[in-house]
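Participant: Here you go, one structure.
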Amino acid sequence: MDQTEETRALALLTRADCAREMEALLGAAQARGTAVFKISLLDFKNFNDIFGRYYGDLLLQKVTAYLGGLTGARVLRAGGVEFLVVLENCGYAAAKELCDAVCDRFNQTWRIGNMDFVCSMALGAALPPLTAENGEALLEMLDGAAQEAYQVGQNAAVIYTAELRDSLQRTKAIATRLKNALAAADDPDLEVCYRPTVLYKAHRYTRAESYLRLFTDTYGLIGAATLIPIAEQSGLACALNLYAIRHTLALIRRLLDAGRAFETISVPVSAIQFLQPGFAGELDALLKEYGVPADKLALELTESTLINSFLQVSCMMQQVADLGVELILSNFGTGYSGINNVLDLPVQVLKLDRMVIQQMENDPRCGCVVEGLISIAHKLGMKIVAEGVETDSQREQLAGWDCDYQQGFYYSATVHADELVGMLSMPPADPVQG
């Protein structure tokens with residue numbers, strides 16, 4: 001972005017420059033209360049792409065002027081769209097009020113000329129008394145809090161606390177263990193297990209979904225719900241996805257050689273993977289390497305992966321679908337995609353979110369929604385899977401609404417590849433017969 005006169009007034013500092021500034025603050029932190037805030041503007045590149053750099057520059061001016069006008073604040077430009085705001089001689093309450101005020105301001109529009117624009121941000125704060133050992137450590141505290149705010153949602157603020165420190169240390173340790181596991185030839189602590197899926201009317205397992213988990217000495221067994229977000233945050237998502245795909249293709253080849261009758265084995269894949277330009281070609285090469293027909297593999301994406309990059313992800317989905325690989329949209333019913341967006345995607349299977357299934361028994365309205373989604377999916381020529389089935393009541397309701405597939409602890413826990421080979425094309429345990 002071209003610097004304008006106003007943004008040039010805030011010199012763009014290097015990381016080392018910022019660390020030195022923070023070091024100076026820490027020297028006076030015991031004498032007076034000092035709070036530091038890191039404000040990262042979100043999706044600014046997309047704003048420039050849509051409206052042009054001229055308006056992007058004007059918006060940056062507005063934000064800079066607002067931050068510079070905060071009472072008693074000193075503003076440092078820590079990156080193209082990142083700012084450090086220093087508030088000296090303040091108490092915890094005053095610093096917290098500033099956090100709230102900044103969030104409130106970014107929830108409003110920014111007026112440029114005769115148009116209103118939206119600009120979102122993530123705010124990380126270190127409030128008095130500052131406890132960092134040095135300037136770089138303070139920057140890392142702010143980075144961690146800002147990253148946590150980004151995970152919370154737009155225009156959120158997160159204050160660095162001892163609890164957050166412990167959480168960030170845990171995340172870092174798990175990321176390091178995962179990186180080492182992926183670098184090894186075949187680390188037994190990084191497992192690709194499977195969740196069998198029942199084709200209800202046939203009363204047998206015909207599908208399965210891969211499930212990643214990692215064993216760590218310090219934190220025990222880390223499941224996919226924790227592992228995948230950590231992989232995404234630490235730049236390991238693509239390597240982890242390919243690890244799961246390779247293991248699953250090897251299993252599919254084994255099932256085919258054993259003469260097992262099954263439909264597909266699916267792998268949940270991060271949207272980050274779908275944003276890689278060469279992913280479809282890489283996937284095609286892997287299918288050929290393992291000698292697996294494309295229609296035996298399925299890839300799952302969650303609704304939330306479509307939020308920020310719908311166009312790019314949907315384009316890659318089409319390339320993958322053109323190979324013959326089945327596409328599944330999971331966590332369906334959680335509110336983002338809706339039917340309109342589903343119609344624009346090359347999706348063959350919808351997977352109902354487990355939370356929706358769990359609420360059916362206690363909320364009749366939820367049951368009406370599930371019944372309606374199943375009906376719509378069938379009318380659109382799509383298959384539908386209900387995950388998280390745990391009770392006989394849930395099984396009966398879903399069966400009554402003609403739900404194609406059911407998955408959950410009611411039928412089977414997560415199993416290893418050897419167990420799955422014995423289960424596929426076989427009837428599930430007795431409960432499904434009831």
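Participant: Considering only protein heavy atoms, what per residue accessible area in square angstrom results for the chain with a 1.4 angstrom probe? Write down the numbers at each step before the final one.
Facilitator: On the way: 19800 Å² over 434 residues.
For the chain, the solvent-accessible area averages 46 Å² per residue.
Participant: If you put +1 on each Lys and Arg Cβ and -1 on each Asp and Glu Cβ, how big is the dipole of the chain around its Cα centre, in Debye rounded to 20? Intermediate results must be reported in sequence, preceding the final value.
Facilitator: Details: 35 positive and 53 negative charges, 58 e Å.
Rounded to the nearest 20 debye, it is 280 debye.
Participant: What are the lysines whose alpha-carbon lies under 18 Å from the alpha-carbon of Lys62, with same-chain residues fewer than 8 places away excluded?
Facilitator: Answer for Lys62, where 18 Å is the Cα cut-off: Lys38, Lys45, listed by chain and number.
Participant: Taking 0.36 nm per residue of separation and subtracting the Cα-Cα distance, what length does fully extending Asp392 through His203 add? Show your work: numbers first, answer last.
Facilitator: Details: separation 189, 0.36 × 189 = 68.04 nm, distance 1.48 nm.
Full extension of this stretch gives 66.6 nm more.
Participant: Hey, what do the phi angles of region 359-373 turn into as Karplus ³J(HN,Hα) couplings, whole Hz, using 6.51/-1.76/1.60 and θ = phi - 60°, x for Gly and Pro?
Facilitator: 7, 4, 5, 9, 9, x, 4, 5, x, 4, 5, 4, 4, x, 5
Participant: Roughly what would the spin-label model give for Arg20 and Glu136, points 7 Å off Cα along C-beta, in nm?
Facilitator: Simple spin-label model gives 1.5 nm for this pair.
Participant: Multiply the residue gap between Tyr54 and Ala399 by 0.36 nm, knock off their C-alpha separation, and tell me the result in nm, one decimal place.
Facilitator: Working: separation 345, 0.36 × 345 = 124.20 nm, distance 5.69 nm.
Answer, rounded to one decimal: 118.5 nm.
Participant: Which FRET efficiency value, to the nearest 0.05, do you get for Asp295 and Ser167 by plugging their Cβ-Cβ distance into 1/(1 + (r/R0)^6) with R0 = 41 Å?
Facilitator: E(calc), rounded to 0.05, equals 0.45.
Participant: Something else: Over the alpha-carbon set of region 344-431, work out the extent along each principal axis and list the three values in angstrom, largest first.
Facilitator: Extents along the principal axes: 38, 34, 19 Å.
Participant: Give me the tail of P(r) for the chain as a percent: Cα-Cα pairs with distance above 41 Å. Provide the component values of the computation, followed by the final result.
Facilitator: Values: 27258 of 93961 pairs.
The share of Cα pairs beyond 41 Å in the chain comes to 29 percent.
Participant: For Arg246 paired with His378, estimate the spin-label separation in nm (one decimal), with each label point 7 Å from Cα along the Cα-to-Cβ line.
Facilitator: 4.3
Participant: OK, next. Over the Cα atoms of region 142-263, what radius of gyration and what Dmax do you get, in Å?
Facilitator: Calculated on Cα positions, Rg and Dmax stand at 18.1, 56 Å.
Participant: How large a share of the accessible area of region 14-70, in percent, is made up of carbon and sulfur atoms when the probe is 1.4 Å and the other protein chains stay in place?
Facilitator: Carbon plus sulfur share of accessible area: 53 percent.
Participant: Compute the Rg/Rh shape ratio of region 239-386: radius of gyration over Kirkwood radius, all on alpha-carbon atoms.
Facilitator: Details: Rg = 16.0 Å, Rh = 16.1 Å.
Dividing the radius of gyration by the Kirkwood radius yields 0.99.
Participant: Additional query: By how many nm would the segment from Met115 to Ser425 lengthen if fully extended, with 0.36 nm per residue of separation less the alpha-carbon distance? Walk me through the intermediate numbers first.
Facilitator: Details: separation 310, 0.36 × 310 = 111.60 nm, distance 6.06 nm.
Residue separation times 0.36 nm, minus the Cα-Cα distance, leaves 105.5 nm.
The values are calculated or read from the model by the stated rules, or taken from the named source; none is laboratory data. In this text, all values refer to a predicted model and were calculated from it rather than measured experimentally. Ideal geometry is used to build each Cβ from the backbone, glycine not excepted, and the neighbour counts take in all protein chains shown. Please note that ligands, DNA and RNA were not included when accessible areas were found on the heavy atoms of the full protein model with its side chains. Shrake-Rupley method; radii C 1.70, N 1.55, O 1.52, S 1.80 Å.
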